[in-house]
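The values are calculated or read from the model by the stated rules, or taken from the named source; none is laboratory data. Treat the numbers as computed from the prediction; the structure is a model and nothing was measured. A quick note on method: Cβ atoms are made from the backbone with ideal geometry, for glycine too, and the neighbour counts reach across all protein chains shown. Surface accessibility is based on the protein's heavy atoms, side chains included, excluding ligands, DNA and RNA. Shrake-Rupley method; radii C 1.70, N 1.55, O 1.52, S 1.80 Å.
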Amino acid sequence: MAAVSRGKQPSLAQLRAFAAVAEHLHFRDAAAAIGMSQPALSGAVSALEEALGVQLLERTTRKVLLSPAGERLAVRAKAVLGEVEALLEEADAVKAPFTGALRLGVIPTVAPYLLPTVLALVHERYPDLDLQVHEEQTSSLLEGLAAGRLDLLLLAVPLGVPGVTELPLFDEDFVLVTPLDHWLGGREGIPREALRELNLLLLDEGHCLRDQALDICREAGRADAPVTTTAAGLSTLVQLVAGGLGVTLLPRTAVRVETSRSSQLLTGYFADPAPTRRVALAMRSGAARAAEYAELAEALRGALRPLPVRVL
């Protein structure tokens, strides 16, 4: 069969411009998203239409729409750009390990307490690694990992997400933080059943620590969701406890940082087995830099041993 004659080949810049417009359906927003001027982006899309010989967009004075051909080819363009990104990632992986950028996503209930250890380790052992940290909630981190915006995550597990491999680092206990005059303040051997009757303060929805606290309450036999007051972060939550509004659960790694801000707090410890959470690194299954990430996880386990955790 004779080869089909084709015109000029589209460039990656043209494909990126078209993919951005297809996503945003707005030239200004698309141009800003990929760091291109609006005239250059418009010209790139027009050049792509000319190269392919099809109309990709329907332009009106008020909005931009994908043509039927544009709908179909936008999927192809995104796939091509994804493969190019994978090619570049593979090329980076065959270079010297622990060089170039590593985009690390961290949940807010881990970042303030573990990042000093992570950053010190990277600075000392991997000085050529360009570590870029993004603090987001779990759902956003997983979306970023799947889309290739992030390379590695540091968060609480299990995730139970297909295509994501977890590299467990440690387990840590939860403790009960109370006001000074609370009957459980400073006690040891607190039974989990005590949680049934407590006014427990929680983080806002979206934080995995909130879900873990609710799971602990259910395990203790508490059927209702003890939500009267919530906070966006652990620092606010602890200050609410200091003000006498209730009690809260903190992971052990957060206790020193958060309770040192107030003299109106006491820490109570649960009887064994205490409620716990597991923290891990998570990566895309089959990631090109999987061996590096596994080595980093092992180095982190060693660096985390001085913290009040049980390294795995």
Problem - Filter result for residue 298 (surrounded by fewer than 17 Cβ atoms within 10 Å (Cβ to Cβ), among the acidic types (Asp, Glu) and farther than 13 Å from residue 165 by Cα) - result: yes
Fill in the blank from the handout: Restricted to the range 259-272 and to residues being assigned to a loop (DSSP other than H, G, I, E, B) and touching a helix residue (DSSP H, G or I) at 6+ places or on another chain (Cβ under 9 Å), the residue surrounded by the fewest Cβ atoms within 10 Å (Cβ to Cβ) is 263
Problem - Any hit, the range 103-123, residues being more than 23 Å from the chain's Cα centre (by Cα) and either in a loop (DSSP other than H, G, I, E, B) or farther than 24 Å from residue 143 by Cα (or both) - result: no
Problem - Neighbours by Cβ (under 9 Å, 6+ apart or cross-chain): first from the range 181-195, touching a residue at least 24 places away in the same chain (Cβ under 8 Å) and basic (Lys, Arg); second open to solvent by less than 60 Å² (accessible area, probe 1.4 Å) and part of a loop (DSSP other than H, G, I, E, B) - result: 192/220; 192/221; 192/271; 192/274; 192/275
Exercise for the section: Scan the range 39-83 for residues that are assigned to a helix (DSSP H, G or I) and either within 15 Å of residue 12 (Cβ to Cβ) or open to solvent by less than 70 Å² (accessible area, probe 1.4 Å) (or both) and report the count. Expected result: 24
Practice task
Return yes or no: is residue 133 within 25 Å of residue 233 (Cβ to Cβ), modelled with pLDDT of 95 or more, crowded, with 16+ Cβ neighbours inside 10 Å and within 12 Å of the chain's Cα centre (by Cα)?
Solution key: no
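To keep it simple, each residue is scored yes or no on (1) farther than 21 Å from residue 258 by Cα; (2) in contact with an Asp or Glu (Cβ under 7 Å, 6 or more places away or on another chain); (3) modelled with pLDDT of 80 or more.
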site: 182; (1), (2), (3): no, no, yes
site: 193; (1), (2), (3): yes, no, yes
site: 204; (1), (2), (3): no, no, no
site: 213; (1), (2), (3): no, no, no
site: 218; (1), (2), (3): yes, no, no
site: 221; (1), (2), (3): yes, yes, no
site: 224; (1), (2), (3): yes, no, no
site: 230; (1), (2), (3): no, yes, no
Exercise for the section: Kindly provide the set of residues from the range 86-96 that are open to solvent by 90 Å² or more (accessible area, probe 1.4 Å) and either part of a helix (DSSP H, G or I) or modelled with pLDDT of 85 or more (or both), ordered by number. Expected result: 87, 90
Problem - Tally of residues being of a type in the set (D, E, K, R), within 19 Å of residue 304 (Cα to Cα) and open to solvent by 10 Å² or more (accessible area, probe 1.4 Å) across the range 136-176 - result: 3
Fill in the blank from the handout: If we ask which residues in the range 170-200 are over 10 Å from residue 266 (Cα atoms) and assigned to a loop (DSSP other than H, G, I, E, B), their number turns out to be 6
